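Taking it in order: structure first as structure tokens, then the write-up.
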Amino acid sequence: MKILAVRFLNLNSLKGEHEIRFDQSPLADAGLFAITGPTGAGKTTILDAITVGLYGMAHRHNNERPLELMTRHTAECYAEVEFEAGGKVYRSKWHLRRSRGKADGKIQPVHMELYDFDKDELLDLKPSEVPAMVAEICGLDYSQFLRSVM
């Protein structure tokens with residue numbers, strides 16, 4: 001498995017939309033790089049975005065249920081990870097919103113989806129089935145991913 005990109009909106013302290021392309025310069029040319037910065041800068045949020053985008057879980061939030069990932073005073077957040085596995089490219093997305101698009105609205109059910117770029121289609125999966133399909137595609141379940149990649 002090779003992570004190509006991560007995109008996210010309103011996760012933890014990182015309000016707004018963010019994108020990191022690991023398949024483009026300068027990161028693609030670096031080989032090895034470090035994520036550094038002061039406390040509270042959002043380093044771990046980037047790692048949370050990757051795990052929640054793929055598996056719907058972030059280990060440091062509420063017993064791995066990431067409902068607290070949404071930035072305060074916002075009504076929506078998402079994390080999506082574009083990755084390559086077995087010579088194919090996929091995009092896994094986790095999305096959470098509040099009712100009526102209001103920051104004080106009730107949290108709605110989590111939505112997850114998996115897109116297959118080779119077939120140019122959104123796979124017909126229930127949100128709860130996406131993490132298992134990601135694990136099947138990349139050969140790593142959530143626990144194995146945390147131990148070997150994170």
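The values are calculated or read from the model by the stated rules, or taken from the named source; none is laboratory data. What you see is a predicted model, and the numbers here were worked out from it, not measured in a lab. Quick reminder, even Gly has a Cβ in these numbers, built from the backbone with ideal geometry, and neighbours come from all protein chains shown. All accessible areas refer to the heavy atoms of the entire protein, side chains included, with ligands and DNA or RNA removed. Shrake-Rupley method; radii C 1.70, N 1.55, O 1.52, S 1.80 Å.
Note on the stretch 102-114: residues that are open to solvent by 40 Å² or more (accessible area, probe 1.4 Å) and out of contact with any Gly (no Cβ under 7 Å at 6 or more places or on another chain) amount to 9.
The number of residues in the stretch 117-141 being exposed (fewer than 15 other Cβ atoms within 10 Å of the Cβ), within 16 Å of the chain's Cα centre (by Cα) and outside any helix (DSSP H, G or I) comes to 1. All conditions in (1) closer than 23 Å to residue 123 by Cβ; (2) within 12 Å of the chain's Cα centre (by Cα); (3) β-branched (Val, Ile, Thr) hold for residue 46, with the sole exception of (1).
Residues of the stretch 100-124 that are touching a helix residue (DSSP H, G or I) at 6+ places or on another chain (Cβ under 6 Å), free of Cβ contacts under 8 Å to residues at least 24 places away in the same chain and more than 22 Å from residue 16 (Cβ to Cβ): 106 alone.
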